[in-house]
Amino acid sequence: MTRDELKTRVYEAIDRRSEEIVGLGEQIRRHPELGFKEVRTARLVEETFKKLGLAPRSGLALTGVRADAGGRAGDGPTFAVLGELDALVVAGHPEGDPQTGAAHACGHNAQVAGMLGAAMGLLDANAFDHLAGRVAFFAVPAEEYGDIEWRVAQARAGRLEFLGGKPELLRLGHFEDVDLAMMIHTTSRPEDGKAGVPASNNGCVVKTVRYLGRAAHAGGAPHMGVNALYAAQIGLSAINAIRETFRDEDTIRVHPIITHGGSQVNVIPGEVRIETYVRGRTMEAILDANRKVDRALRAGALALGAKVEIETIPGYMPMTCDPIMAARFKTNAAALVGEEHYRQIGHRTGSTDMGDLSQVMPVLHPYVGGARGTGHGADYEIVDKPLAYLVTAKSLAAMVVDMLADGAAGAREVLRTARPPMTRERYLAFQRGLARREVYEG
Ligand SMILES: [Zn+2]
Ligand SMILES: [Zn+2]
């Protein structure tokens, strides 16, 4: 059986399950859950794995679910096929959860449906008779780096260390026996075509900032107070003022939000809280920009005689995709969507914790279309379900065949040439070294 014949058989099996796969994607879309709280989605994944005869492990980094399927054509590398479980808070999204505000405005529901669909197609087609090595089907938590105050509280309570799903799974050793990994992210950008691979993604560090002033009567005795809001405003203006010092090639992004801006209108604000990322193409560029941002934040405190607490938390590492895996994906995807709809995507300035995995193993993070509207926006929706759900499933399954058929020749070639920049230990030490808390009295 050639690889192409096997792929055809797997695609046919996925087509036979198309209603079920789309149904899973739609069911997850209707019940969005925030990172590390994806209990309902995780349970659905676990049940689906069991129905497929797999033996899932659940509760990995709180909500992750992994099920392995071994190839029956010899030993070989382990290839992880991932799907991200989480949604994010999007004000005004028509399908948002009324309690949490969570909505699938980044298409992660399609990822999970695609991952489960790939498993269904490969198992139904008995593809594992022809594959060596092993596939780890893995639903992973919390790619969206938000809900920071809750996650910091979980970390303080010892339930988490890293605030993103894949870094936390790496810390807990759940990728210890994995050699290479991929996922497919849904895109709503017309310029991405129907399928494509990005050259790279920005990394980031995350910051929480607390300005402390002194509350006083805003009308009767403002002179007795120290206005933390004005201190914050000056700090934020200083950040805007340094933006032109960021080099274009570093694609720096700094985007703060004020999460608490005062207690009561007739009280001089004694405390203001801010969250922000500092993103960039390389860790060097990120750390340089972060140093400048800290100086700008201090300036706000100095101007008002306030105090500022600046906490820098490890975020996500920059991502690069493995070129051999990218070339195989291109061949499969172009055949599925048409060469004219395939795009080579440039550098992306958003961040993903796939970047963290890419520090320790070869990874691939392509995009497949099918969505419309603004990523993370209230108008985001999946409009082409066969593309978003079924092409994703087929493209993942085809990569499994390319990596693990013929005695896992494809995966062995990737591993022979890949040079991941870090070991898991080095990665953990590096990220832990980024964590910093500074208190500055103006
Ligand atoms: Zn997102
Ligand atoms: Zn996403």
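The values are calculated or read from the model by the stated rules, or taken from the named source; none is laboratory data. What you see is a predicted model; the values in this text were computed from it and never measured. All Cβ positions, glycine included, derive from the backbone under ideal geometry; neighbour counts span all protein chains shown. Note: accessible area is taken over every heavy atom of the protein model, side chains too, but ligands, DNA and RNA are not part of it. Shrake-Rupley method; radii C 1.70, N 1.55, O 1.52, S 1.80 Å.
Key figures for this structure:
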read-out	value
Residue list for the range 155-191, restricted to those being away from ligand 1 (no atom under 16 Å from the Cβ), of a type in the set (K, R) and modelled with pLDDT of 95 or more	R159, R171
Pick from the range 361-382, criterion of a type in the set (A, V, I, L, M, F, W, C) and more than 16 Å from the chain's Cα centre (by Cα), ranking: farthest from L180 (Cα to Cα)	A378
Residues within the range 318-333 that are in contact with a strand residue (DSSP E or B) (Cβ under 7 Å, 6 or more places away or on another chain) and open to solvent by 10 Å² or more (accessible area, probe 1.4 Å), tallied	6
Residues of the range 167-197 satisfying the condition of being open to solvent by 60 Å² or more (accessible area, probe 1.4 Å) and closer than 20 Å to V368 by Cα	R189, P190, E191, K194
Residue check for G315: within 16 Å of ligand 1 (Cβ to nearest atom), buried (at least 21 other Cβ atoms within 10 Å of the Cβ), in contact (Cβ under 8 Å) with a residue 12 or more places away in the chain and under 21 Å from the mean Cα position of the chain (by Cα)	yes
Subset tally (residues that are away from ligand 2 (no atom under 14 Å from the Cβ) and either among the β-branched types (V, I, T) or not assigned by TED's automatic domain parsing to the domain that holds V400 (or both)) for the range 82-114	1
Residues of the range 407-425 classified as among the charged types (D, E, K, R) and surrounded by 13 or more Cβ atoms within 10 Å (Cβ to Cβ), total	3
Residues of the range 1-38 satisfying the condition of being polar (S, T, N, Q) and touching a Phe, Trp or Tyr at 6+ places or on another chain (Cβ under 9 Å)	S18
Extreme residue, most open to solvent (accessible area, probe 1.4 Å), among residues of the range 336-383 that are more than 18 Å from L85 (Cα to Cα) and of a type in the set (S, T, Y)	T374
Matching residues, the range 341-371, being aliphatic (A, V, I, L, M) and assigned to a helix (DSSP H, G or I)	M354, L357, V360
Whichever residue in the range 118-165 is open to solvent by less than 20 Å² (accessible area, probe 1.4 Å) and of a type in the set (F, W, Y) and, among such residues, is nearest to ligand 2 (Cβ to nearest atom)	Y145
V401 being at pLDDT 95 or above, among the β-branched types (V, I, T), away from ligand 2 (no atom under 16 Å from the Cβ) and over 30 Å from R426 (Cα atoms)	yes
Scan of the range 139-165 for residues that are under 12 Å from the mean Cα position of the chain (by Cα) and either farther than 16 Å from G59 by Cβ or not assigned by TED's automatic domain parsing to the domain that holds L44 (or both), ordered by number	E143, E144, Y145, G146, L163, G164
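Every residue, every condition in (1) in contact with a helix residue (DSSP H, G or I) (Cβ under 6 Å, 6 or more places away or on another chain); (2) part of a helix (DSSP H, G or I), yes or no:
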| residue | (1), (2) |
| --- | --- |
| G375 | no, no |
| D379 | no, no |
| A388 | yes, yes |
| V391 | yes, yes |
| S395 | yes, yes |
| A398 | yes, yes |
| V401 | yes, yes |
| A405 | yes, yes |
| A408 | no, yes |
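Let's see how each residue does on (1) over 20 Å from the mean Cα position of the chain (by Cα); (2) open to solvent by 30 Å² or more (accessible area, probe 1.4 Å); (3) modelled with pLDDT under 95:
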| position | (1), (2), (3) |
| --- | --- |
| G59 | no, yes, no |
| A73 | yes, yes, yes |
| G76 | yes, yes, no |
| G83 | no, no, no |
| H104 | no, no, no |
| L116 | no, no, no |
